[in-house]
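A.B. asks: Right, I'll just put the structure down here and ask away after.
The values are calculated or read from the model by the stated rules, or taken from the named source; none is laboratory data. Keep in mind that this is a model prediction, so the values were computed, not measured. Here Cβ is always computed from backbone atoms with ideal geometry, including for glycine, and neighbour counts include all displayed protein chains.
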Amino acid sequence: MKRLGTFRETCFDPLFAGPTISRTLLDAMSRPATVLPLGEIPLVVPPPDLRPACAVLLAVLDRDVTFHVADAGASDMRDYLRFNTGAHAAAPEDADFVLVVGPTAGPALDAILRAAPEPTDDGVRLVYAPVDLDPLDSRPDLILELDDAEIYGERRLALDGLAASDFERLYACRATSRPVDLWFASPDGRLAAIPRATRWRPLR
């Protein structure tokens with residue numbers, strides 16, 4: 001078991017860095033599927049490919065919210081987020097935020113989809129990382145097609161590093177599951193989001 005002091009971020013000041021990241025997140029939520037740079041990520045503790053996602057979570061988590069880490073080796077990341085934000089770890093079906101480390105949420109997604117057999121306003125934010133946003137590969141792992149043509153027209157978000165099965169299940173259960181906001185953080189410090197009110201469907 002690691003000493004808690006090893007999780008301390010000495011270069012990240014939430015009073016200064018947090019508002020900038022929060023503004024980028026709000027911009028991403030207001031412009032679904034738009035890939036935006038997060039700027040400088042002054043984190044040193046998490047693995048490099050997870051630092052952008054952790055910076056976003058450090059900016060939004062506090063003592064009043066709960067989170068879950070969907071990852072086989074989640075204990076260090078859970079302690080890191082709890083130590084630096086004061087937020088409380090929770091089961092996925094009860095969490096406000098779920099950090100998905102790797103291509104799939106696995107059993108956590110099962111719990112989330114089972115949690116609301118009837119429509120509810122109690123939503124969850126799924127944060128997938130690390131994700132390759134707008135990959136150069138002509139055949140990405142997943143394409144999400146958005147339909148808000150009245151505002152922006154139809155758009156697509158290409159993603160690598162994700163299991164398409166997660167999004168096929170989310171799409172199939174959209175009428176009965178908890179409302180879901182999707183956040184995607186890339187290893188190179190970029191962010192894209194799809195808010196719960198935006199209609200989307202998986203193409204691959």
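A.B. asks: When the residues of the range 141-174 are filtered to those that are over 23 Å from ALA70 (Cβ atoms) and not in a strand (DSSP E or B), which remaining residue is modelled with the lowest pLDDT?
C.D. replies: Checking each candidate, the answer is ALA149.
A.B. asks: Among what's in the range 86-118 and is part of a helix (DSSP H, G or I) and in contact (Cβ under 8 Å) with a residue 60 or more places away in the chain, pick the residue that is surrounded by the most Cβ atoms within 10 Å (Cβ to Cβ).
C.D. replies: Among those residues, the one meeting the criterion is ILE112.
A.B. asks: Also: Out of curiosity, is ILE21 assigned to a loop (DSSP other than H, G, I, E, B) and within 28 Å of LEU144 (Cα to Cα)?
C.D. replies: no
A.B. asks: Criterion first (of a type in the set (A, V, I, L, M) and buried (at least 17 other Cβ atoms within 10 Å of the Cβ)) does LEU26 satisfy it?
C.D. replies: no
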